[in-house]
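Comments concern the structure below.
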Amino acid sequence: MRARRIRSYAALTLALCVSYALLRRTAWQGSAQLHTVMEAVATTLAAFVGMMALVRYYSRKNNTFLFVGVAFLGTALLDGYHAVVTSSYFMAFFPSELPSLIPWSWVASRVFLGAVLWFSCLAWRREDRLGPAGRVREGSVYLASASLTVLSFLFFVLVPLPRAYFAELPLHRPEELVPAAFFLLALIGYLRKDAWARDPFEHWLVLSLIVGFMGQAMFMSFSGQLFDGMFDAAHLLKKMSYVAVLTGLAVSMYHLFLRARVTNAELEAQVDTRAAEIKTAQAALHVSEAQYRDLYENAPDMYCLVDAVTGAVLLCNDTFAEATRLAKDEIVGRPMLNLYTPDTRAEAERAFKAFLHTGELRGVELRLMTGDDSGIDVSLDVSAVRDEFGEILHGRSVLRDISLRKEAEEAQLRYAASLEQSNRELQDFAYVASHDLQEPLRKIQAFGDLLVTDHGSEFEGDAKDYLRRMQAAAARAQSLIGALLKLSRVSTRARPFEDVPLSEVADDVVEDLDTQISAVGGLVHIAPLPTVIADPSQIHQLLQNLIANALTFHHPERPPRVRVEGEIVDIGDPRAAGLVGRREWCVLSVQDNGVGFDEKHADRIFTPFQRLHSVETSGGTGIGLAICKRIVELHGGRIEATSSPDVGATFVVVIPAASHSAERVLDLDREVAECVV
C-alpha cells in the first residue's frame, strides 16, 4: 500500500511536469466568459467539499476535517468573488482594474486555502504532542477562518491593487510563489504525519496538495497574460485538486459507512449473544432460586427472620413449622419470645437483649413450644441485618434441634454416674480384697518362719525345698497384693491438681532411688524440665516407676544410663494430637540403654502383671508401668513406648502443662546422681 501510493505521487508529479512542457509554448487564449464559468464550477466544488468535510467532522470529531471544511468553505466564498470580478457589471464597485483584480483575487483564494491547510498540520502536531489539552477549539477555527475571509473581501474592495504581471521577469507572476509555498509546507506536513499510507482521505489530500503546489509554482507563475494557456491550465488544475479532496472525502465516508455497517453487525451479534446469555442466566437464576427456595424451606435447621423492634417473626421456613407442629400463619407475626417454653422464656429475653446490644448470638440453648406441648430443645444462633447507618433491622435466626443431643447427654451422664459407681465399688472391692488377703499370707509366712526356726533340723531334702518355695511364694503373693493396692490407690487417693515443677520432683525421685542407682552403677541425667498441672504425689510415683523400670531392666554388659527430658508443645503438635482440654502440653521422655523389648509387645507392657522378662531375671511385680498408664490417663494425657532389643527403650508421656510453664523451666543441666560400682 505505501509503495503503491508513493509511486502514484511520483507519477502525478511527472505527469504535471510533462503537461507543463507541452503547454509552455501553446498559443491558447481563453476569455472572460470561460473564466467565469470555470470559477463558478470551482466555487460549487469548493462549497460542496467544505460541507462534506464538516459533515465528516461532526460524524466523528477529527480536527483535520474541521480545518479542511472551513478552508474550502472560505475558499468557495473567495472563488465566488474571483468569478464575479470578471463581470463588467461589478467594475464600478472596485478600486482596481481587471488586470490587477483578477490575478490578485486568485492569489487571495489560493493563499487562504494553502495557509489553512498548513495550519491544520501545525494543529495536529500540537495535539499529538500535548494530547487532548492541545486540541484547537472548534469555535477558534471558525472565528479565525471567518475573519480572514472577511478581511480578504474588504482588502479588495477598499485597497487599490498593484500590477500582477511582470513581463520583464522569468516568472511573469512571482506573487504565485506565496500560495505555492503554503501548499508545499502543507504537503510536507501531511507527508511527515504519515497517515497517507493507511488513511484514504489523507492520501487524496496529498494528491490535491501536489496538484495545488504544481499548479501555482509551474503553471500560474508562468502565465504571461490573462486567459492564456497557462492561466486556464492553472484554473483547471485547481478544480482537479478540489475533485481529489472530494474523492478522498467520498472514499473516507464510504469506509466510515462500511465500518459502521460492520460495527452494527458486530453489535447485533453481540446483542444476540448477550440476549442468549441473559436468557441462559435467567433460566439458571430461576433454577437457582428454586433450588435455594427448596434448600431454605427443607434445610435441616430452622430459619426465621425476627423484627428487631417488635420482636415478631417476619418469616420462617417449612422446617420451623414442621418441627414445632405449627402452621406458618401461626408463627409469622407472633412474638418470637412467645414461641419459647415458659421455663426458658426469661433466658430467651436476656438473649434477645444481648443480640440488640452486640448484633449476634452463638449457641444459646433454649426450648421451643410445639403444637402438641411436647417441646423441643434448640441451639440458637442469630446474626444482624443492618441498614446503611448500621442500625439493626432484623435478626437472622438459625435454630438447630438438639433434642437427640440432650437425650444423649443425659444418657451419658447417667451412664457416667453408673460407671463411676461401679468403678468405685470395684476399687473398694480391690482394696478390701487385697487388704483381707494379706492376713492369711502373713500367717503363712509366720508359721513358715516358726517351722524353719523351731523345726528346721527336722526337714531334709525335698521337704526343706518345699518349705523354702512356700515362703518365697507367700512373699511373692504379698508383694503382688501390695502392688494391687498401689494401683487401686491411684484412683481412690487422687488429690486436686496443682502446678508441679517436674525438675524438683525428679530431684526427689533420684534421691529416693540413690541406693538402687548405686547398686547397679547407674547414671541418671535430668535435663531442664517444665512445670505441669497434676497431682504431685502421682507425678512422683510416675517418674519413680519409669526411672526404676529403666534401672531394673538394665543391660548386663553395660551400666545403665537414663536421660529424662521435657518440653512444652501446643495442641497442633503431632505428639499432642487427639488430646483435649488444654492448649499447651508437656512432652516428657525417659530414655535408657537397657535390654529393651520388641515393639510388637509395646501395648502389653502397660497391662497389670504382664511381663516380658522372667521374675528370676529382673524381679519386679509387673504392675509399675500399669500404674504409670493409670496416672497419665487420670491426667487426661497419653503414654507410649518405643524400643529396640539390646539397645534400650524410650517412654514418652504427654500430660497437661501449667500456664506459661515454658517460661518457668528451671535453668538446669546437671548430673543428678552418679555412682559406679
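The values are calculated or read from the model by the stated rules, or taken from the named source; none is laboratory data. Just so you know, these numbers come straight off a predicted model, no measurement behind them. Heads up, the Cβs are rebuilt from the backbone with ideal geometry, glycines too, and the neighbour counts pull from every protein chain shown.
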Report task. Could you grab me the full set of residues in the range 135-180 that are of a type in the set (Ser, Thr, Tyr) and either without any contact (Cβ under 8 Å) to a residue 12 or more places away in the chain or under 24 Å from Ser221 (Cα atoms) (or both)? Result -> Ser140, Ser147, Thr149, Ser152, Tyr165
**Report entry** Candidates Asp329, Asp318, Asp307 - the one that is out of contact with any Gly (no Cβ under 7 Å at 6 or more places or on another chain), more than 30 Å from Ala195 (Cβ to Cβ) and surrounded by fewer than 11 Cβ atoms within 10 Å (Cβ to Cβ)
**Finding:** Asp329
Requested in this report: Answer with yes or no whether Ser208 is modelled with pLDDT of 90 or more and either assigned by TED's automatic domain parsing to the domain that holds Gly69 or part of a helix (DSSP H, G or I) (or both).
Outcome: yes
Requested in this report: Collect the residues in the range 268-302 that are over 23 Å from Asp401 (Cβ atoms) and either in the same structural domain as Ile376 (by TED's automatic domain parsing) or loosely packed, with under 10 Cβ neighbours inside 10 Å (or both), keeping them in residue-number order.
Outcome: none
Requested in this report: Would you be able to tell me the number of residues in the range 364-378 that are over 20 Å from Glu330 (Cα atoms) and surrounded by fewer than 17 Cβ atoms within 10 Å (Cβ to Cβ)?
Outcome: 1
Report summary line: Going through (1) surrounded by 20 or more Cβ atoms within 10 Å (Cβ to Cβ); (2) modelled with pLDDT of 90 or more; (3) over 25 Å from Ile623 (Cβ atoms); (4) of a type in the set (A, V, I, L, M) one by one, Ala576 fails only at (2)
Report summary line: Those residues of the range 127-182 that are closer than 23 Å to Leu77 by Cβ and part of a loop (DSSP other than H, G, I, E, B) come to a total of 7
**Report entry** Of the criteria (1) over 19 Å from Arg173 (Cβ atoms); (2) at pLDDT below 90, which one Val68 fails
**Finding:** (2)
Report task. Considering every residue within the range 543-557, establish whether at least one is at pLDDT below 95, in contact with a Ser or Thr (Cβ under 8 Å, 6 or more places away or on another chain) and assigned by TED's automatic domain parsing to the domain that holds Gly637. Result -> yes
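Yes/no per residue for (1) under 18 Å from Gly596 (Cα atoms); (2) buried (at least 19 other Cβ atoms within 10 Å of the Cβ); (3) not polar (S, T, N, Q):
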| site | (1), (2), (3) |
| --- | --- |
| Val520 | yes, no, yes |
| Ile526 | no, yes, yes |
| Pro530 | no, yes, yes |
| Ala548 | yes, no, yes |
| Pro560 | yes, yes, yes |
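Report the residue count in the range 1-28 for those that are farther than 18 Å from Gly215 by Cβ, of a type in the set (A, V, I, L, M) and at pLDDT below 90.
Counting residues in the range 1-28 that are farther than 18 Å from Gly215 by Cβ, of a type in the set (A, V, I, L, M) and at pLDDT below 90 gives 2.
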